[in-house]
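Heads up, the thing below is written out as structure tokens.
The values are calculated or read from the model by the stated rules, or taken from the named source; none is laboratory data. No experiment lies behind these values; they were computed from the predicted model shown. Neighbour counts are summed over all protein chains in view; Cβ atoms, including those assigned to glycine, are modelled from backbone coordinates with ideal geometry. These accessible areas exclude ligands, DNA and RNA; they are computed on the full protein's heavy atoms, side chains included. Shrake-Rupley method; radii C 1.70, N 1.55, O 1.52, S 1.80 Å.
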Amino acid sequence: MSTAVGMKSVMLAQVLLLFWVSTACAEVLVQSDFDAKKFSGLWFVVSMVSDCKVFLGKKDHLLMPTMAVTAATEGNLSVHQQFPGADGCNQVDAEYVRVGSQGHFRVPALGHLDVRIVDTDYSSFAVVYIYKELEGALSTMVQLYSRTQEASPQALKAFQDFYLTVGLPHDMMVMLPKSDACSSGDKEAR
């Protein structure tokens with residue numbers, strides 16, 4: 001009898017966890033009237049915050065990556081990412097596949113189950129929410145994009161205000177140092 005009660009408790013806990021995860025993701029809003037063409041261009045990822053164990057283990061050694069974004073068909077985005085590292089410049093091309101409304105994507109190639117552009121002025125900053133799976137674990141990440149290698153105080157405030165609302169604390173955040181390991185990483189966006 002106690003085994004049946006234990007199994008019911010485990011199943012109930014799993015159902016509640018799935019409900020909480022889907023509810024948490026559903027509460028993250030997308031930038032109203034998101035415009036993929038305006039969002040296109042070069043972005044520097046100047047800061048990140050995440051509860052991902054892999055990220056937390058490496059965050060103090062990360063350098064500022066770049067994202068070259070191009071509006072694609074059906075509201076999708078084509079993104080060329082450059083990640084500077086100890087071994088030079090690592091590059092990844094990924095298709096951000098639109099899910100529902102404009103500004104809401106998934107990126108199967110990177111394990112990103114839910115990507116949302118939550119705030120952007122298109123000309124200087126964007127706050128990007130990512131819910132992902134890495135090495136079998138689910139995690140939340142928020143990134144601050146900037147058109148230059150220096151984010152404005154207003155962009156930093158929007159970033160901080162948002163990541164706190166999804167339960168990510170300050171000690172999981174890192175400001176990423178500049179790097180010239182990638183050829184476009186030392187150029188300002190136009």
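Observations, loosely collected:
- Residues of region 113-130 satisfying the condition of being open to solvent by 30 Å² or more (accessible area, probe 1.4 Å) and modelled with pLDDT of 95 or more: 119, 121, 122, 123, 124
- Criterion (under 17 Å from the mean Cα position of the chain (by Cα), at pLDDT below 95 and surrounded by 12 or more Cβ atoms within 10 Å (Cβ to Cβ)) met by exactly one of 144, 134, 176: 134
- Scan region 64-73 for residues that are part of a loop (DSSP other than H, G, I, E, B) and surrounded by fewer than 18 Cβ atoms within 10 Å (Cβ to Cβ) and the total you get is 1.
- Some residue of region 99-108 being at pLDDT 95 or above, touching a Cys at 6+ places or on another chain (Cβ under 9 Å) and either open to solvent by 50 Å² or more (accessible area, probe 1.4 Å) or closer than 17 Å to residue 28 by Cβ (or both): no
- Unmet requirement for residue 137, which otherwise passes all of (1) of a type outside the set (Phe, Trp, Tyr); (2) touching a Leu at 6+ places or on another chain (Cβ under 9 Å); (3) more than 27 Å from residue 73 (Cα to Cα); (4) touching a residue at least 60 places away in the same chain (Cβ under 8 Å): (2)
- Residue list for region 19-54, filter: assigned to a helix (DSSP H, G or I) and either modelled with pLDDT of 90 or more or open to solvent by less than 10 Å² (accessible area, probe 1.4 Å) (or both): 36, 37, 38, 39, 53, 54
- Residues in region 74-98 that are at pLDDT below 95 and part of a loop (DSSP other than H, G, I, E, B): 86, 87.
- Residues within region 118-147 that are in a strand (DSSP E or B) and out of contact with any strand residue (DSSP E or B) (no Cβ under 9 Å at 6 or more places or on another chain), tallied: 2
- Check on residue 158, buried (at least 19 other Cβ atoms within 10 Å of the Cβ) and assigned to a loop (DSSP other than H, G, I, E, B): no
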